[in-house]
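Scroll down for the structure; my scribbles are underneath it.
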Amino acid sequence: MKSLKAIFSLFVFCFSLIVCAQNNDVVIKTNKLSENIYMLEGQGGNIGISVGEDGIVMIDSQFAPLTPKILTAIKAISNKPIKFLINTHWHHDHVGGNENIKNEGAIIVAHDNVRKRMSVDQFDKYRNRTTKASPTKLPLVSFSDNITFHMNGEDIMVFHVDNAHTDGDAMIYFINSNVLHMGDTYFQGKYPFIDLATGGSVNGYINAAKRALMLIDDDTKIIPGHRNLSNKKELTAYLTMLKTLKTRVLAEIKKGKTEEEVTNNETINKEYTALNYGDWFIKDAQIRQTFYRSLKEE
(Lines give C-alpha, C1' and ligand atoms only; values in the text may rest on other atoms or scores of the structure.)
Protein backbone atom coordinates (compact mmCIF):
# COMPACT_ATOMS: atom_id res chain seq x y z
CA MET A 1 0.00 0.00 0.00
CA LYS A 2 1.32 3.43 -0.84
CA SER A 3 2.16 5.52 2.17
CA LEU A 4 -0.62 7.84 3.22
CA LYS A 5 1.86 10.66 3.39
CA ALA A 6 2.73 10.24 -0.30
CA ILE A 7 -0.94 10.08 -1.26
CA PHE A 8 -1.73 13.17 0.79
CA SER A 9 1.23 15.10 -0.67
CA LEU A 10 0.08 14.22 -4.19
CA PHE A 11 -3.47 15.32 -3.38
CA VAL A 12 -2.30 18.66 -2.02
CA PHE A 13 0.01 19.21 -5.02
CA CYS A 14 -2.83 18.57 -7.46
CA PHE A 15 -5.18 20.72 -5.39
CA SER A 16 -2.66 23.56 -5.45
CA LEU A 17 -2.46 23.39 -9.23
CA ILE A 18 -6.23 23.70 -9.44
CA VAL A 19 -6.24 26.67 -7.06
CA CYS A 20 -3.50 28.44 -9.01
CA ALA A 21 -5.56 28.19 -12.19
CA GLN A 22 -7.90 30.95 -13.35
CA ASN A 23 -10.81 29.79 -11.17
CA ASN A 24 -13.15 30.67 -14.01
CA ASP A 25 -15.50 27.84 -13.10
CA VAL A 26 -15.84 28.80 -9.42
CA VAL A 27 -19.19 30.31 -8.50
CA ILE A 28 -19.67 32.13 -5.19
CA LYS A 29 -22.97 30.97 -3.74
CA THR A 30 -24.72 33.25 -1.24
CA ASN A 31 -26.90 31.79 1.52
CA LYS A 32 -28.94 34.13 3.73
CA LEU A 33 -29.09 32.74 7.27
CA SER A 34 -30.71 35.63 9.12
CA GLU A 35 -31.58 39.28 8.62
CA ASN A 36 -27.90 40.25 8.57
CA ILE A 37 -25.86 37.01 8.49
CA TYR A 38 -24.81 35.26 5.29
CA MET A 39 -22.70 32.26 4.30
CA LEU A 40 -20.66 32.38 1.09
CA GLU A 41 -19.55 29.14 -0.56
CA GLY A 42 -16.84 29.04 -3.19
CA GLN A 43 -13.50 27.25 -3.24
CA GLY A 44 -11.90 26.84 0.17
CA GLY A 45 -13.33 27.53 3.60
CA ASN A 46 -16.89 28.76 3.91
CA ILE A 47 -17.10 32.52 4.48
CA GLY A 48 -19.37 34.15 7.05
CA ILE A 49 -20.65 37.70 6.59
CA SER A 50 -22.35 40.10 9.02
CA VAL A 51 -23.84 43.19 7.36
CA GLY A 52 -25.50 46.29 8.76
CA GLU A 53 -25.19 50.01 9.30
CA ASP A 54 -21.87 49.65 11.13
CA GLY A 55 -20.19 47.95 8.20
CA ILE A 56 -19.25 44.37 7.31
CA VAL A 57 -17.60 41.72 9.45
CA MET A 58 -16.15 38.93 7.32
CA ILE A 59 -14.98 35.48 8.43
CA ASP A 60 -12.17 33.93 6.35
CA SER A 61 -11.10 34.97 2.87
CA GLN A 62 -10.60 31.78 0.80
CA PHE A 63 -7.97 31.98 -1.99
CA ALA A 64 -6.56 35.25 -3.32
CA PRO A 65 -7.58 34.71 -6.99
CA LEU A 66 -11.21 34.47 -5.88
CA THR A 67 -11.31 37.87 -4.15
CA PRO A 68 -12.94 39.75 -7.06
CA LYS A 69 -15.80 37.23 -7.18
CA ILE A 70 -16.15 37.26 -3.41
CA LEU A 71 -16.28 41.06 -3.32
CA THR A 72 -18.90 41.07 -6.06
CA ALA A 73 -21.03 38.68 -4.00
CA ILE A 74 -20.60 40.82 -0.89
CA LYS A 75 -21.45 44.05 -2.69
CA ALA A 76 -24.65 42.43 -3.94
CA ILE A 77 -25.60 42.14 -0.25
CA SER A 78 -24.31 45.48 1.04
CA ASN A 79 -22.32 48.47 -0.19
CA LYS A 80 -20.91 49.08 3.30
CA PRO A 81 -17.13 48.73 3.79
CA ILE A 82 -15.55 45.60 5.20
CA LYS A 83 -14.43 46.69 8.67
CA PHE A 84 -13.04 43.42 10.07
CA LEU A 85 -11.80 40.13 8.66
CA ILE A 86 -11.67 37.32 11.25
CA ASN A 87 -9.56 34.25 10.44
CA THR A 88 -10.71 30.96 11.96
CA HIS A 89 -7.18 29.50 11.62
CA TRP A 90 -4.02 29.79 9.51
CA HIS A 91 -4.57 27.42 6.56
CA HIS A 92 -4.24 28.98 3.13
CA ASP A 93 -7.74 28.12 1.92
CA HIS A 94 -9.03 30.36 4.74
CA VAL A 95 -6.45 33.20 4.74
CA GLY A 96 -5.27 33.29 1.11
CA GLY A 97 -7.25 36.43 0.31
CA ASN A 98 -6.21 38.32 3.46
CA GLU A 99 -4.06 40.90 1.71
CA ASN A 100 -6.77 41.68 -0.83
CA ILE A 101 -9.39 42.17 1.88
CA LYS A 102 -6.96 44.28 3.89
CA ASN A 103 -6.56 46.49 0.82
CA GLU A 104 -10.33 47.05 1.01
CA GLY A 105 -9.75 48.66 4.42
CA ALA A 106 -10.41 45.68 6.69
CA ILE A 107 -8.58 45.01 9.96
CA ILE A 108 -7.53 41.34 10.19
CA VAL A 109 -8.19 39.58 13.50
CA ALA A 110 -7.14 36.07 14.59
CA HIS A 111 -5.83 34.00 17.48
CA ASP A 112 -2.23 34.59 18.58
CA ASN A 113 -1.10 31.27 17.15
CA VAL A 114 -2.50 32.12 13.72
CA ARG A 115 -0.21 35.12 13.52
CA LYS A 116 2.69 33.02 14.80
CA ARG A 117 2.10 30.25 12.26
CA MET A 118 1.76 32.69 9.39
CA SER A 119 4.80 34.75 10.45
CA VAL A 120 7.52 32.12 10.29
CA ASP A 121 8.86 29.48 7.95
CA GLN A 122 7.85 26.05 9.16
CA PHE A 123 8.07 22.55 7.83
CA ASP A 124 4.64 21.08 7.36
CA LYS A 125 5.17 17.33 6.98
CA TYR A 126 1.77 16.87 5.35
CA ARG A 127 2.42 19.36 2.58
CA ASN A 128 6.19 18.92 2.50
CA ARG A 129 6.96 22.62 2.15
CA THR A 130 7.66 25.71 4.19
CA THR A 131 4.97 28.31 4.63
CA LYS A 132 5.39 31.98 5.44
CA ALA A 133 2.95 34.77 4.74
CA SER A 134 3.93 38.26 3.71
CA PRO A 135 3.46 40.87 6.47
CA THR A 136 0.49 42.32 4.57
CA LYS A 137 -1.47 39.08 5.12
CA LEU A 138 -0.92 38.88 8.87
CA PRO A 139 -3.55 39.65 11.50
CA LEU A 140 -3.21 43.18 12.83
CA VAL A 141 -5.12 42.25 15.99
CA SER A 142 -4.64 38.93 17.79
CA PHE A 143 -6.15 37.49 20.96
CA SER A 144 -5.30 34.66 23.36
CA ASP A 145 -8.70 33.47 24.51
CA ASN A 146 -11.70 35.44 23.27
CA ILE A 147 -12.83 38.76 21.90
CA THR A 148 -16.28 40.24 21.28
CA PHE A 149 -17.46 42.60 18.54
CA HIS A 150 -20.56 44.73 18.93
CA MET A 151 -21.69 45.67 15.44
CA ASN A 152 -24.82 45.75 13.32
CA GLY A 153 -27.04 45.21 16.36
CA GLU A 154 -25.18 41.95 16.95
CA ASP A 155 -22.96 40.61 19.71
CA ILE A 156 -20.27 38.62 17.90
CA MET A 157 -18.38 36.32 20.25
CA VAL A 158 -15.04 35.00 18.98
CA PHE A 159 -13.44 32.31 21.12
CA HIS A 160 -10.41 30.03 20.93
CA VAL A 161 -10.60 26.23 21.18
CA ASP A 162 -7.37 24.46 22.14
CA ASN A 163 -5.49 22.10 19.84
CA ALA A 164 -8.44 20.99 17.73
CA HIS A 165 -7.95 21.33 13.95
CA THR A 166 -4.77 23.35 14.66
CA ASP A 167 -3.42 25.21 17.70
CA GLY A 168 -5.05 28.48 16.64
CA ASP A 169 -8.69 27.70 15.96
CA ALA A 170 -11.47 30.17 16.68
CA MET A 171 -15.23 29.79 16.52
CA ILE A 172 -17.46 32.79 15.93
CA TYR A 173 -20.94 32.92 17.45
CA PHE A 174 -23.46 35.52 16.33
CA ILE A 175 -25.43 35.55 19.54
CA ASN A 176 -28.47 37.55 18.45
CA SER A 177 -28.86 35.67 15.15
CA ASN A 178 -28.00 32.26 16.69
CA VAL A 179 -25.46 31.40 13.99
CA LEU A 180 -22.18 29.64 14.78
CA HIS A 181 -19.18 29.55 12.41
CA MET A 182 -16.98 26.63 13.45
CA GLY A 183 -14.17 26.93 10.92
CA ASP A 184 -12.39 23.64 10.31
CA THR A 185 -13.28 22.28 13.73
CA TYR A 186 -16.21 20.83 11.77
CA PHE A 187 -16.27 19.20 8.31
CA GLN A 188 -19.98 18.60 7.78
CA GLY A 189 -20.71 14.97 6.88
CA LYS A 190 -17.08 13.97 6.27
CA TYR A 191 -14.02 13.01 8.28
CA PRO A 192 -12.08 15.97 9.67
CA PHE A 193 -8.57 17.00 8.76
CA ILE A 194 -6.82 17.12 12.13
CA ASP A 195 -3.53 18.90 11.42
CA LEU A 196 -1.21 17.14 13.85
CA ALA A 197 1.76 18.99 12.37
CA THR A 198 0.50 22.35 13.63
CA GLY A 199 -1.04 21.53 16.97
CA GLY A 200 -4.24 19.68 16.10
CA SER A 201 -5.31 16.67 18.16
CA VAL A 202 -8.12 14.15 18.43
CA ASN A 203 -8.98 15.09 22.01
CA GLY A 204 -8.93 18.81 21.18
CA TYR A 205 -11.17 18.21 18.17
CA ILE A 206 -13.67 16.30 20.31
CA ASN A 207 -13.60 18.98 22.98
CA ALA A 208 -14.27 21.67 20.37
CA ALA A 209 -17.43 19.86 19.25
CA LYS A 210 -18.51 19.48 22.88
CA ARG A 211 -17.99 23.18 23.52
CA ALA A 212 -20.03 24.11 20.46
CA LEU A 213 -22.87 21.84 21.55
CA MET A 214 -22.93 23.44 25.00
CA LEU A 215 -23.44 26.82 23.34
CA ILE A 216 -26.09 26.14 20.72
CA ASP A 217 -29.69 24.94 20.59
CA ASP A 218 -31.92 23.13 18.11
CA ASP A 219 -32.49 26.32 16.11
CA THR A 220 -28.82 27.25 15.69
CA LYS A 221 -27.49 27.42 12.14
CA ILE A 222 -23.92 26.11 11.93
CA ILE A 223 -21.46 27.22 9.27
CA PRO A 224 -18.84 24.46 8.98
CA GLY A 225 -15.36 25.11 7.64
CA HIS A 226 -16.30 23.09 4.58
CA ARG A 227 -19.41 21.69 2.94
CA ASN A 228 -23.05 22.35 3.78
CA LEU A 229 -24.88 24.47 6.31
CA SER A 230 -25.53 22.33 9.38
CA ASN A 231 -27.35 22.12 12.71
CA LYS A 232 -27.19 20.71 16.23
CA LYS A 233 -28.54 17.28 15.25
CA GLU A 234 -25.83 16.77 12.63
CA LEU A 235 -23.07 18.05 14.92
CA THR A 236 -24.24 15.70 17.68
CA ALA A 237 -23.97 12.75 15.28
CA TYR A 238 -20.55 14.01 14.22
CA LEU A 239 -19.35 14.04 17.83
CA THR A 240 -20.60 10.48 18.24
CA MET A 241 -18.51 9.47 15.22
CA LEU A 242 -15.40 11.12 16.69
CA LYS A 243 -15.88 9.50 20.09
CA THR A 244 -16.56 6.09 18.53
CA LEU A 245 -13.35 6.17 16.51
CA LYS A 246 -11.39 7.32 19.55
CA THR A 247 -12.70 4.44 21.67
CA ARG A 248 -11.93 1.85 19.01
CA VAL A 249 -8.45 3.14 18.17
CA LEU A 250 -7.54 3.41 21.85
CA ALA A 251 -8.61 -0.21 22.30
CA GLU A 252 -6.27 -1.23 19.49
CA ILE A 253 -3.42 0.77 20.98
CA LYS A 254 -3.94 -0.92 24.35
CA LYS A 255 -3.70 -4.28 22.58
CA GLY A 256 -0.27 -3.25 21.32
CA LYS A 257 -1.31 -2.85 17.69
CA THR A 258 1.07 -0.94 15.42
CA GLU A 259 0.22 2.13 13.36
CA GLU A 260 0.21 0.04 10.20
CA GLU A 261 -2.15 -2.52 11.73
CA VAL A 262 -4.61 0.15 12.86
CA THR A 263 -4.39 2.02 9.56
CA ASN A 264 -5.24 -1.17 7.67
CA ASN A 265 -8.06 -2.25 10.02
CA GLU A 266 -11.19 -1.43 8.05
CA THR A 267 -13.53 -2.63 10.81
CA ILE A 268 -12.69 0.35 13.03
CA ASN A 269 -14.87 2.74 11.05
CA LYS A 270 -16.87 0.40 8.85
CA GLU A 271 -20.27 2.01 9.51
CA TYR A 272 -18.90 5.44 8.64
CA THR A 273 -17.36 4.03 5.47
CA ALA A 274 -20.88 2.92 4.58
CA LEU A 275 -22.11 6.47 5.24
CA ASN A 276 -19.47 7.85 2.84
CA TYR A 277 -17.57 9.83 5.47
CA GLY A 278 -14.35 8.89 3.69
CA ASP A 279 -15.22 9.76 0.10
CA TRP A 280 -13.99 13.33 0.31
CA PHE A 281 -10.76 14.99 1.49
CA ILE A 282 -9.74 12.58 4.27
CA LYS A 283 -10.12 8.89 3.42
CA ASP A 284 -11.08 5.99 5.68
CA ALA A 285 -7.51 4.76 6.18
CA GLN A 286 -6.19 8.29 6.72
CA ILE A 287 -8.56 8.98 9.59
CA ARG A 288 -7.54 5.72 11.30
CA GLN A 289 -3.89 6.71 10.94
CA THR A 290 -4.51 10.22 12.25
CA PHE A 291 -6.38 8.94 15.30
CA TYR A 292 -3.63 6.42 16.03
CA ARG A 293 -0.84 9.01 15.79
CA SER A 294 -2.66 11.57 17.90
CA LEU A 295 -3.86 9.19 20.61
CA LYS A 296 -0.60 7.26 20.76
CA GLU A 297 1.32 10.48 21.33
CA GLU A 298 -1.11 11.72 23.97
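The values are calculated or read from the model by the stated rules, or taken from the named source; none is laboratory data. Predicted model, so just to flag it, every value in this text is computed and none were measured. When we count neighbours, we look across all protein chains shown, and the Cβ atoms used for this are built from the backbone with ideal geometry, even at glycine. Protein only, heavy atoms only, side chains kept; ligands, DNA and RNA dropped before computing areas. Shrake-Rupley method; radii C 1.70, N 1.55, O 1.52, S 1.80 Å.
Computed values, structure above
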item: Paramagnetic reach from Thr240 in region 257-298 [backbone N under 18 Å; point 7 Å along Cα→Cβ]; result: 268-278
item: Sorted largest first, extent of region 47-187 alpha carbons per principal axis (Å); result: 43, 30, 26
item: Region 240-298: translational diffusion in µm²/s, Stokes-Einstein, Kirkwood Rh over Cα pairs, 20 °C, 1.002 mPa s; result: 190
item: Centroid-to-centroid separation of region 267-288 and region 135-193 [C-alpha atoms, Å]; result: 27
item: The chain: antiparallel DSSP beta bridges as a percent of all, rounded to 5; result: 65
item: Highest-MSF residue in the chain out of Ala164, Ala251, Ala209 [GNM, Cα springs under 10 Å]; result: Ala251
item: Principal-axis tilt of helix 202-215 within the chain, Cα atoms, nearest 10 degrees; result: 50
item: In degrees, nearest ten, helix 284-297 long axis to first principal axis of the chain (Cα); result: 80
item: 1.4 Å probe accessible area per residue over the chain, in Å²; result: 44
item: Probe 1.4 Å - accessible area at Lys283, Å² to nearest ten; result: 90
item: Residue-wise HN-Hα coupling along region 56-68, computed from phi with Karplus coefficients 6.51, -1.76, 1.60 (Hz; x: Gly, Pro); result: 10, 10, 10, 10, 6, 10, 6, 8, 3, x, 8, 3, x
item: Principal-axis tilt of helix 4-20 within the chain, Cα atoms, nearest 10 degrees; result: 20
item: Heavy-atom accessible surface of region 40-152: percent carbon and sulfur, 1.4 Å; result: 50
item: P(r) histogram, all alpha-carbon pairs of region 142-298 included - 5 Å bins from 0, percent; result: 2, 9, 19, 21, 19, 13, 8, 5, 3, 1, 0, 0
item: Residue-count net charge about Phe149 - beta-carbon cut-off 12 Å; Lys, Arg +1, Asp, Glu -1; result: -2
item: The chain, Cα convex hull volume normalised per residue, Å³; result: 123
item: Inter-probe distance in nm under a simple model that places probes 7 Å from Cα toward Cβ, at Thr148 and Glu261; result: 5.2
